[in-house]
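The values are calculated or read from the model by the stated rules, or taken from the named source; none is laboratory data. All figures in this text were calculated on a predicted structure; none of them were measured in a lab. Methodologically, a virtual Cβ is constructed for each residue, glycine included, from the backbone with ideal geometry; neighbour enumeration extends over all protein chains shown.
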């Protein structure tokens, strides 16, 4: 099973990059599950956070980082600070790899659901068993409050949909041998996005089936 898991890791890593926009991501034309109305209202320092996300949408990641740092350097509220650190996590991920955003996602995850998802994707990329267990904790326990059919609606345009989050959780379950839970999450991901053929969800589904069979 260990050899099989290593093979699955090699297959899944490019798909995780797809979740961050390298294969469609922020500028993709699919339904990202993004909703500007989710979460606490946009406030003072988040004008800079808004500009940061505008820059991310244009692929101007260094400029985005500068905007997020303006928030952090201007006595932000807890929400503003979390939003800025979340933005830094995604911008750093786009510039390099998901793991490059971990430090900032960690700072934001207690407030920002988008940061929980970014951090979970980064741990998927690292891919050890303990990393998979962290993914399960972040998505099922912290984000989903232990409801297997939880709803994720991104506050910012991260490019990650509700269905993709459940597919990520399915992969984590399959990686630790929780096959029934993996199938439940994969089936739910397909239910959320019935037009999943040719998407990241189908690619993840193929790897999950490889692990389960």
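Before moving on, here are some points about what is shown:
- Among the residues here, residue 138 does not qualify as over 21 Å from residue 97 (Cα atoms), surrounded by 18 or more Cβ atoms within 10 Å (Cβ to Cβ) and either out of contact with any strand residue (DSSP E or B) (no Cβ under 9 Å at 6 or more places or on another chain) or modelled with pLDDT of 95 or more (or both).
- Checking 90, 104 one by one, the residue that is crowded, with 24+ Cβ neighbours inside 10 Å and free of Cβ contacts under 8 Å to residues at least 60 places away in the same chain is 104 and no other.
- Qualifying positions in region 175-192 - touching a helix residue (DSSP H, G or I) at 6+ places or on another chain (Cβ under 7 Å) and in contact (Cβ under 8 Å) with a residue 40 or more places away in the chain: 175, 176, 188
- In region 125-135, residue farthest from residue 182 (Cα to Cα) [restricted to those that are surrounded by fewer than 17 Cβ atoms within 10 Å (Cβ to Cβ) and in contact (Cβ under 8 Å) with a residue 40 or more places away in the chain]: 129
- Counting only helices (runs of 4 or more DSSP H) wholly contained in region 1-99, the ones carrying 1 or more residues that are out of contact with any strand residue (DSSP E or B) (no Cβ under 9 Å at 6 or more places or on another chain), at pLDDT 95 or above and more than 25 Å from residue 132 (Cα to Cα) occupy 46-57, 61-72, 78-95.
- Pick from region 175-191, criterion at pLDDT 95 or above and crowded, with 20+ Cβ neighbours inside 10 Å, ranking: farthest from residue 129 (Cα to Cα): 189
- Of all the criteria given as (1) more than 30 Å from residue 55 (Cβ to Cβ); (2) assigned to a helix (DSSP H, G or I), the one not satisfied by residue 195 is (2).
- Residue 160 falls short of the stated requirement of being buried (at least 20 other Cβ atoms within 10 Å of the Cβ) and modelled with pLDDT of 95 or more.
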